[in-house]
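> Got a structure for you, questions after.
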Amino acid sequence: MQIKNPKDFWAGLMFFVFGAAFVVIAVGTPDFINRIWGDKLIPGYQIGSAVRMGPAYFPVVLGGLLAVLGAIIFFRSFVSHISGDAAVVKLPFNIIDLAIAAGIFVVATFAAKMLGISNDYAMLGSALILSVLAIVFRPETKALVLILASGLAFAYLLKPLGLVIASIAVVFISAYGGHEFKWKEVAILSLVLVIFSVLVFVKGLTLPFPICPDFVESCPIR
Amino acid sequence: MEWFNEMYVFVAKVFQNLGIGFVEVFKLQSMTLWGYSLSHVPFNIIMCLIGVLLGTLIGVLPGIGPVATIAMLLPVTFSLSPVAALIMLAGIYYGAQYGGSTTAILVNLPGESSSVVTCLDGYQMARQGRAGPALAVAALGSFFAGCVSTLIVAMFAPPLAEVALKFGPAEYFSLMVLGLVSAVVLAHGSLIKAISMVILGLLLGLVGTDVNSGVLRFAFGVSELADGIGFVTVAMGMFGIAEIIGNLEQKEHREVFTSKVGSLWPSKEDWKRFWAPTIRGTMLGSALGILPGGGALLASFGAYTLEKKISKYSHEFGKGAIEGVAAPESANNAGAQTSFIPLLTLGIPSNAVMALMIGAMMIQGIAPGPQVMTERPQLFWGMIASMWVGNLMLVVLNLPLIGMWIKLLTVPYRILYPSILVFMSVGVFSISNQPFDCFLMALFGLLGYVCVKLECEPAPLILGFILGPLMEENLRRAMLLSRGDPTVFVDPVAKPISFSFLLVSAVLLVIIALPALRKTRDEAFAAEEQA
């Protein structure tokens with residue numbers, strides 16, 4: 001068996017996994033697994049009947065349908081007539097990279113729980129580790145990883161460090177993910193954006209964002 | 001004479017209703033800004049102006065679409081009145097159709113996906129030194145189309161809403177099926193992948209607390225997911241973030257024809273040639289815009305193809321024919337506006353932008369559907385009247401401002417995208433003041449990026465996402481009412497409307513699945529892509 005259409009292969013797999021996951025979470029794990037586990041591994045929700053549908057009814061139907069469609073797309077990829085360049089998946093990372101990335105976040109979250117520190121640090125830390133790993137080992141994913149990381153940086157820096165630093169972080173991290181990085185230009189851009197954000201979002205639209213870091217006693221911008 | 005009387009009443013009602021709308025649009029309000037309290041501010045008209053200017057701006061700039069922009073601005077609209085919010089967001093959508101043509105003509109880059117075909121002849125006209133007339137024709141055609149389609153919305157929305165008011169849960173469920181099926185049929189690429197994306201969207205829409213049982217579904221113990229995944233979060237991730245990453249992977253390449261815009265006014269010969277294509281484009285665009293899954297994009301392609309077939313200058317197409325600018329430009333504007341009809345009357349989005357409008361209405365506490373017109377006539381008619389006012393502003397402002405828009409084109413993307421990212425992050429964070437939403441946005445950005453690479457279109461997912469909870473709700477109610485009998489949806493005697501919706505959906509799917517027709521569909525999309 002040879003994969004003739006990798007795009008369909010991965011798309012089908014993705015849909016199948018999503019569909020199956022929704023079904024399993026909705027109905028719960030089957031009895032024999034629960035017995036091995038000793039408890040209900042995934043409890044599931046009530047199916048109900050066609051007259052009175054439980055919370056699991058609609059998701060199971062849809063999830064099942066998605067899994068079937070995913071399987072069809074998956075198996076079709078072995079007999080597809082489309083081949084050559086059109087079928088090549090141009091993703092700069094593979095599934096192992098993706099698993100490693102997800103693993104970093106999971107491990108960091110658990111570590112934070114064990115150490116009793118805020119989950120925010122775990123997220124920031126894993127974003128940082130992932131960015132460094134991407135730049136060093138997978139330079140072609142630089143744009144992807146740094147753009148996503150800039151969003152995370154904003155999210156988890158805003159409450160402790162305030163809008164000014166969070167915005168500057170977004171601009172610098174995302175600009176570094178682009179084709180060319182000019183220090184002066186990025187600095188000016190971040191200055192302009194900080195002034196704009198403070199004036200429009202905090203002053204104009206009165207969003208409840210802190211402007212300065214919370215360790216600064218008296219914020220110069222009011 | 002009876003028909004005359006009826007006509008008279010109908011027309012009078014349309015104008016009466018538009019009157020309500022114009023009063024709302026020009027209403028003077030008092031407001032507070034930066035601590036100053038102002039009275040007598042025509043706030044709605046200001047929001048309309050902001051909307052159309054923003055729309056033109058993002059239309060001009062390649063790489064930012066109306067979906068991402070509207071998603072970005074949704075959090076800003078929390079603090080606005082519903083009328084002002086919807087007027088502004090609508091302005092962005094049709095404003096983008098005006099702006100998109102400027103980039104298409106001058107740079108040979110579609111600023112908006114709906115101006116892809118305008119590139120063909122518009123850019124050729126620019127190369128022949130006739131950029132001015134091309135821009136003018138695009139603007140005038142759009143204005144004409146905007147006026148006509150506003151009237152069409154005003155005329156057809158009330159009767160449609162009246163019909164829709166009689167819909168029960170079974171009809172609604174079937175209507176949503178039809179809407180989703182048409183969206184799938186009109187999506188690019190593989191049919192089965194588009195269906196899968198719709199279902200994935202429906203499933204993602206179910207995350208959160210189940211309204212009937214109060215059970216928290218698919219939340220993995222994350223308390224932030226109790227209210228479900230934010231709609232804005234998904235849209236910004238799938239469209240905004242994924243778009244930026246995609247753009248960054250391509251090399252920047254722009255060639256601007258700024259020096260020779262020349263005289264704007266079309267010659268006598270031009271006038272003679274472009275009025276008929278404009279009218280045809282408007283008619284076709286209006287019709288295609290109403291279709292579920294339709295909108296500006298489909299309208300412009302359809303109009304160009306039609307014009308190429310019937311024009312006596314068809315040999316000039318692709319070499320700078322003015323018809324090739326007038327027809328798609330008027331069609332995309334008409335389609336952008338009539339796609340509001342299913343949204344306003346049925347509460348069913350026909351494309352991703354309309355799905356965002358539904359999101360905006362829900363945020364404002366308005367349940368989209370036929371009752372909006374009767375319960376909030378100011379909102380409904382204000383929005384329609386604002387479209388006409390907005391179109392007028394666009395044509396008056398844009399032609400003189402063309403120089404400014406051209407200057408904006410020279411702003412490099414490396415300046416634009418960090419700014420967009422800051423705005424998106426602020427917007428998503430402000431929804432519930434939780435970092436988790438930004439994390440989700442990044443996650444959906446990754447999903448959107450992967451989907452594009454695997455040739456799965458994100459638009460059907462968004463439609464499914466917004467309709468997921470509504471569909472489940474209506475399915476449950478319909479099944480409860482029928483005591484568990486699933487034939488209630490396909491009973492041609494008791495539920496003829498539901499039956500016909502499902503029949504049409506089935507026929508559409510079968511037609512597309514037939515090998516012969518699939519081939520022509522594939523060829524049509526292939527032709528589009530080449531264009």
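Each reported figure results from applying straightforward, stated rules to the coordinates on display, with no laboratory input. It should be emphasised that the depicted structure is a prediction, and the values quoted were computed from it without experimental measurement. We place every Cβ from the backbone using ideal geometry, glycine too, and count neighbours over all the protein chains shown.
> Between A:Ala21 and B:Ile512, what is the FRET efficiency for a Förster distance of 22 Å, r being their Cβ-Cβ separation, to the nearest 0.05?
After rounding, the FRET efficiency stands at 0.15.
> Looking at the calculated P(r) for the range B:11-91, what percent of the C-alpha pair distances fall above 15 Å?
In whole percent, the share of Cα-Cα pairs in the range B:11-91 beyond 15 Å is 64.
> If you don't mind, another one. Which order do the peptides B:170-176, B:328-334 come out in when sorted by mean C-beta neighbours inside 10 angstrom, highest first?
B:328-334, B:170-176
> Separate question: Can you tell me the order of A:197-207, B:417-427 when each peptide is scored by its average per-residue count of other Cβ atoms within 10 angstrom, highest first?
Going by the mean number of other Cβ atoms within 10 Å, highest first, we get B:417-427, A:197-207.
> Now for a separate question. Let me know the mean shielding of B:474-481 by other chains, meaning the per-residue number of their Cβ atoms within 10 Å of its Cβ.
Rounded to a whole number, the mean comes out at 3.
> Given R₀ = 30 Å, FRET efficiency for B:Leu399-A:Lys184 by Cβ-Cβ distance, to 0.05?
In this case the efficiency is close to 0.25.
> Can you list residues from other chains, or at least 5 along the same chain, whose modelled amide H is less than 5 Å from the amide H of B:Arg217?
Excluding prolines and chain starts, which carry no amide H, the hits are B:Gly208, B:Thr209, B:Asp210.
> Taking the alpha carbon gyration tensor of the range A:1-90, what are the square roots of 5 times its eigenvalues, largest first, to the nearest whole Å?
So the equivalent ellipsoid measures 34, 16, 9 Å along its semi-axes.
> Per the Kirkwood formula on distinct C-alpha pairs, the Rh of the range B:183-232 is how many angstrom?
12.3 Å
> Whole angstrom only: what separates the Cα centroid of the range B:103-126 from the Cα centroid of the range B:52-70?
15 Å
> If you don't mind, there's one more thing I want to ask. When the expected Rg is taken as 2.2 N^0.38 Å, what fraction or multiple of it is the alpha-carbon Rg of the range B:393-521?
Taking the Cα Rg and dividing by 2.2 N^0.38 Å, one obtains 1.67.
> Now for a separate question. To the nearest 0.05, what FRET efficiency results for B:Met31 and B:Tyr8 with a Förster distance of 35 Å applied to their C-beta separation?
0.30
> Also, quick follow-up: Scaled to the compact-protein estimate 2.2 N^0.38 Å, what is the alpha-carbon radius of gyration of the range B:406-454, rounded to two decimal places?
1.44
> Please state the charge dipole magnitude for the protein assembly as shown, taken about the Cα centre, from unit charges on C-beta atoms (+1 on K and R, -1 on D and E), reported in debye and rounded to the nearest 20.
620 debye
> Any idea what angle helix B:435-453 forms with the longest principal axis of chain B, computed on alpha-carbon atoms, 0 to 90 degrees, nearest 10?
The angle comes out at about 70 degrees.
> How big is the range B:49-101 along each principal axis, measuring the range of its Cα positions in Å and listing the largest first?
31, 17, 12
> Going by average Cβ density within 10 Å per residue, which order do the peptides B:118-131, A:107-120 take, highest to lowest?
Put in order of decreasing packing, that is B:118-131, A:107-120.
> Next question, about the same structure. List the residues whose amide H sits under 5 Å from the amide H of B:Gln29, counting only those 5 or more places along or on another chain, with H placed 1.01 Å from N in the peptide plane.
Residues meeting the criterion, in which the H sits 1.01 Å from N, are B:His40, B:Val41, B:Phe43.
> A follow-up question, please. So what does the Cα-only Debye profile of the range B:438-502 read at q = 0.13, 0.29 Å⁻¹, as log10 I(q)/I(0), no solvent term?
For the range B:438-502, the Cα-only Debye profile gives -0.58, -1.20.
> With a ≥ b ≥ c taken as the square roots of the eigenvalues of the C-alpha gyration tensor of the range A:111-209, please select rounded if a/c is under 1.5 and otherwise prolate if a/b is larger than b/c or oblate if it is not?
Cα axes put the range A:111-209 in the oblate bin.
> How big is D for the range B:318-470, in µm² s⁻¹ as a whole number, if Stokes-Einstein is applied with the Kirkwood radius of its Cα pairs at 20 °C and 1.002 mPa s?
Once the numbers are plugged in, D ends up at 113 µm²/s.
> Within 10 Å of each Cβ in peptide B:439-446, how many partner chain Cβ atoms are there on average? Round it to a whole number, please.
5
> Turning to a different aspect of this structure: Explain nothing, just compute: Karplus ³J(HN,Hα) = 6.51 cos²θ - 1.76 cosθ + 1.60, θ = phi - 60°, for every residue of the range B:394-404 in order, whole Hz, x for Gly and Pro.
4, 6, 6, 7, 6, 5, x, 8, 4, x, 5
> Something else about it: What's the magnitude of the charge dipole for the range A:56-213 around its Cα centre, counting Lys and Arg as +1 and Asp and Glu as -1 at the beta-carbon? Answer in Debye, nearest 20.
180 debye
> In peptide A:198-210, what is the residue-averaged number of other protein chain Cβ atoms found within 10 Å of each Cβ?
If you average over the peptide's residues, the count of other-chain Cβ atoms is 3.
> Let me ask something additional. Along the three principal axes, how long is the protein assembly as shown when you take its alpha carbons, biggest first, rounded to the nearest angstrom?
Largest first, the protein assembly as shown extends 83, 72, 61 Å along its Cα principal axes.
> Three principal axis extents, largest first, for the C-alpha atoms of the range A:43-184, in Å?
Principal axes ranked by extent give 61, 47, 26 Å for the Cα atoms.
> Can you compute 3J(HN,Hα) from phi for each residue in the range B:51-59, using the Karplus curve 6.51 cos²θ - 1.76 cosθ + 1.60 with θ = phi - 60°, rounded to whole Hz and x for Gly and Pro?
Coupling constants for the range B:51-59: x, 5, 5, 4, x, 4, 4, 6, x Hz.
> Mind checking the angle between helix B:352-363 and chain B's longest principal axis? C-alpha axes, 0 to 90 degrees, to the nearest 10.
Orientation of helix B:352-363: about 50 degrees from the principal axis.
> Return, in residue-number order, each cysteine of chain B whose C-beta is not under 4.7 Å from any other cysteine's C-beta.
Those would be B:Cys48, B:Cys119, B:Cys147, B:Cys438, since no other cysteine Cβ in chain B comes under 4.7 Å of theirs.
> Pairs of lysines 8 or more apart, or on different chains, with alpha carbons under 24 Å: count those in the range A:95-222, would you?
For the range A:95-222, the number of qualifying lysine pairs is 4.
> Would you kindly work out the equivalent ellipsoid of chain B from its C-alpha gyration tensor and give its semi-axes, the square roots of five times the eigenvalues, largest first in whole Å?
Three semi-axes, in Å: 34, 27, 26.
> Another question, then. Using the Karplus curve 6.51 cos²θ - 1.76 cosθ + 1.60 with θ = phi - 60°, what ³J(HN,Hα) values do you get for each residue of the range B:11-19, in whole Hz, with x for Gly and Pro?
Result, rounded to whole Hz: 5, 4, 5, 4, 5, 4, 5, 4, x.
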